[in-house]
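Everything on this sheet refers to the single structure shown next.
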Amino acid sequence: MINRSFAFLAGAMLALGAAPASAVNTPPPSAKVAPGKSEPFCDTGTPSIWRDAQTLEGVAIQESRVCDPDNPADIAAFVKGTNNISMQTLMDTQLAADAITKTNDIDGDGDPDHIVIKLEVIEVNGHSPDFPGVVPTFDVAPGIQPAFWVFAPKTRDMSTKSFASAEANPYLRAPAPVIRVEQGDVVWITLENSHYFPHSIHLHGVDHPFMDHSGDGNDGVGQTSQMDVMPGQSKTYVIKPRQAGTMYYHCHVQPHTHIPMGLAGMLVVEENRPNNWVQTLNVGAGQVRHPSAAVAAEYQQEYDIHYQSVDKELHKLTQSYNDPRLIARAINQEYDITDATDDYYLLNGRAFPYTLRESLIVAEPNQKIKLRILNGHTESLALHIHGHKATETHYDGVPQRPEARVTRDVYAMVPAQRLDLELNTTNDGLHSFGSGIWMFHDHTEKAFTTDGVGEGGSISLLVYKQYIDDKGLPKTHGMDLKPYFTKEFWEKKVPVWQEWADDWGSLALPETEVSAEPAPTPTASVGAPAASASGAWGNLFFGLLLGTLGYFLFVHRERVMALSNQLITQFRSKTSG
């Protein structure tokens, strides 16, 4: 029985062996996947004049060459306060009249020393009961809309840009805005909790008393300092910072979820200088278009750089329910951060390629540029700037002694850590390798991806001004960036290199993986003979015939051997006679 089974198997293999021989010589042709419609690189509708250097309300505003620059009216309001600008400028913003008020030159040095900042808690990309989508929308990359909770300046208008749009207004976005105050200022930060959960503000690394002047807690920790700010309530945190530096603020209610959800931002304390009107808010981080007097005395430019990461499972939970009780159960009881993995890696609230629209560093030769960096990730990052080696000046807001200022290629930062770097664009082979388009990014390999697709994540560019056009588009010399501006690319539908390989698409997909339709006959350029359908059936029939013959010979091998021996004996006797 075993011998017969073996014989049948051998015959079957012989039968099937003939057909694949032709298939090996006829690989399916390559087929390109239609990538879908590509968004324009710069389609924000931003007036070109916003990019120019200008003076508004007596505020000197530096130029910004990026695609999506800040509104100059916003900069003027952030610098002077909403109480010190004209009604026309205020109307050119969406800020509430009391969003930022600046009064009382206490020390008589020409600038206000009592600063009141009002922040709300806003949800973006949240569940809508009225239609299947999310609202207000904030895309981190084409088609990608994780939910966020963010601190935002108090506004007087709708959460969306207009009645006809679901897109969030410019203040409602990740990350929470950078707050800037001056050393020695009396600062009141009022949290008006417009959200459905309790929240707080913890001033991380910022000089502040444990209790404020009224006897209320001032540290933002419900278990030790002050009850959390409940929905519909407000709380004012009071500081008079004595030390300058790059600090941090974040919600301290359930911080293992509230911080990753987006309730965190940078807080910068500037050195005290005469007539020093600082830019109190920098929404979305990025370029500081009105640097402080202390920064402007030493640097030509200043940038705020906020890295953060997103576990899409956490950020989907608020998109699943309207009932805050169900959201609370999902986030506080069912979600387990110890099992979490990050999926989206963001720079100033965006992932590549949207980082190129607003988070470029635009430089010129022989400049010194100040970079303030926050690691808002849940893991460590490794900051690397191509073509340059920056010098560390401060760690966690503490200045380093001149002899301890290290110049490095890669800087490691743990979560919540801040780093100040001096970027020198002098082409000396150490600080800079010269003009060009140089990438900068977190060198942790996962941070190169968006939900596992690369290149994505938090990468952006240091672009010298000669390499950028009037609309903020870097004049790249490599691959076409259009596929990155399609939803299909990030949905993992498009082969990464299909547009950039040889003419016959050796790095596209085989046609059999793209369509169930019969593959067309390969062209001669493939270098293999075509196989017709009739030829394939003929090969199969021939193989079956050989298999059957093999099986018959094996089963009757004794009779076949006896017959063959008989024939050989007869042949020998005839030849010998």
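The values are calculated or read from the model by the stated rules, or taken from the named source; none is laboratory data. Nothing here was measured: the structure is a model prediction, and the numbers come from that model. Using ideal geometry, Cβ is built from the backbone for each residue, glycine included, and neighbour counts are taken over all protein chains shown. Just the protein is used for accessible areas: all its heavy atoms, side chains included, with ligands, DNA and RNA removed. Shrake-Rupley method; radii C 1.70, N 1.55, O 1.52, S 1.80 Å.
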Checklist (1) in a loop (DSSP other than H, G, I, E, B); (2) closer than 16 Å to residue 376 by Cα applied to residue 308, failing item: (1)
Residue match in region 427-446 (condition: buried (at least 22 other Cβ atoms within 10 Å of the Cβ) and not in a strand (DSSP E or B)): no
Residues of region 157-192 that turn out to be open to solvent by 10 Å² or more (accessible area, probe 1.4 Å), of a type in the set (Asp, Glu) and either under 24 Å from residue 104 (Cα atoms) or part of a strand (DSSP E or B) (or both), as a count: 2
Among (1) in a helix (DSSP H, G or I); (2) of a type in the set (Gly, Ala, Ser); (3) open to solvent by 40 Å² or more (accessible area, probe 1.4 Å); (4) at pLDDT 95 or above - the single one residue 77 does not satisfy: (3)
Set 422, 379: member being in contact (Cβ under 8 Å) with a residue 12 or more places away in the chain, of a type in the set (D, E, K, R) and part of a strand (DSSP E or B): 422
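Counting just the residues of region 399-450 that are basic (Lys, Arg) and touching a strand residue (DSSP E or B) at 6+ places or on another chain (Cβ under 6 Å), which one comes out nearest to residue 310 (Cα to Cα)?
Taking region 399-450 and keeping what is basic (Lys, Arg), we get 401, 405, 408, 418, 446.
Subset that is touching a strand residue (DSSP E or B) at 6+ places or on another chain (Cβ under 6 Å): 405, 418.
Working: 405: 33, 418: 19 Å.
The residue in question is 418.
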Search result, residues across region 140-156 that are under 15 Å from residue 99 (Cβ atoms) and either touching a Ser or Thr at 6+ places or on another chain (Cβ under 8 Å) or surrounded by fewer than 23 Cβ atoms within 10 Å (Cβ to Cβ) (or both): 154, 155, 156
Criterion violated by residue 286 - all others in (1) over 23 Å from the mean Cα position of the chain (by Cα); (2) under 20 Å from residue 117 (Cβ atoms) satisfied: (1)
Subset of region 453-474 [free of Cβ contacts under 8 Å to residues at least 60 places away in the same chain and farther than 23 Å from residue 308 by Cβ]: 466, 467, 469
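Residue check: is residue 97 modelled with pLDDT under 95 and exposed (fewer than 15 other Cβ atoms within 10 Å of the Cβ)?
Numbers: modelled with pLDDT under 95: no; exposed (fewer than 15 other Cβ atoms within 10 Å of the Cβ): yes.
No; evaluated as a whole, the condition is false for this residue.
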Subset tally (residues that are over 22 Å from residue 121 (Cα atoms), part of a loop (DSSP other than H, G, I, E, B) and in contact with a helix residue (DSSP H, G or I) (Cβ under 6 Å, 6 or more places away or on another chain)) for region 80-99: 2
Residues of region 118-137 that turn out to be of a type outside the set (Val, Ile, Thr), surrounded by fewer than 23 Cβ atoms within 10 Å (Cβ to Cβ) and over 18 Å from residue 95 (Cα atoms), as a count: 8
Filtered residues of region 144-156 (kept if modelled with pLDDT of 95 or more and assigned to a loop (DSSP other than H, G, I, E, B)): 145, 146, 147, 154
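For residue 130, indicate whether it is assigned to a loop (DSSP other than H, G, I, E, B) and over 30 Å from the mean Cα position of the chain (by Cα). Don't jump to the end; show me each part of the working.
Details: assigned to a loop (DSSP other than H, G, I, E, B): yes; over 30 Å from the mean Cα position of the chain (by Cα): no.
Criteria not met by residue 130.
Residues checked against (1) among the aliphatic types (A, V, I, L, M); (2) more than 25 Å from residue 446 (Cα to Cα); (3) at pLDDT 95 or above:
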position: 330; (1), (2), (3): yes, yes, yes
position: 349; (1), (2), (3): no, no, yes
position: 366; (1), (2), (3): no, yes, yes
position: 369; (1), (2), (3): yes, yes, yes
position: 384; (1), (2), (3): no, no, yes
position: 391; (1), (2), (3): no, yes, yes
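Kindly establish whether residue 99 is in contact (Cβ under 8 Å) with a residue 24 or more places away in the chain, within 27 Å of residue 168 (Cα to Cα) and small (Gly, Ala, Ser). Please lay out each step first, then the result.
Numbers: in contact (Cβ under 8 Å) with a residue 24 or more places away in the chain: yes; within 27 Å of residue 168 (Cα to Cα): yes; small (Gly, Ala, Ser): yes.
Answer is yes for this residue.
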Qualifying residue in region 295-311 (condition: on the phi > 0 side of the Ramachandran plot and open to solvent by 10 Å² or more (accessible area, probe 1.4 Å)): no
Qualifying residue in region 38-56 (condition: charged (D, E, K, R) and in a helix (DSSP H, G or I)): yes
Output for region 343-393, where each listed residue is within 11 Å of the chain's Cα centre (by Cα) and acidic (Asp, Glu): 343
Hits in region 312-363 - residues which are open to solvent by less than 50 Å² (accessible area, probe 1.4 Å), part of a helix (DSSP H, G or I) and among the β-branched types (Val, Ile, Thr): 327, 331, 355
Whichever residue in region 404-419 is closer than 25 Å to residue 263 by Cβ and not in a strand (DSSP E or B) and, among such residues, is least open to solvent (accessible area, probe 1.4 Å): 416
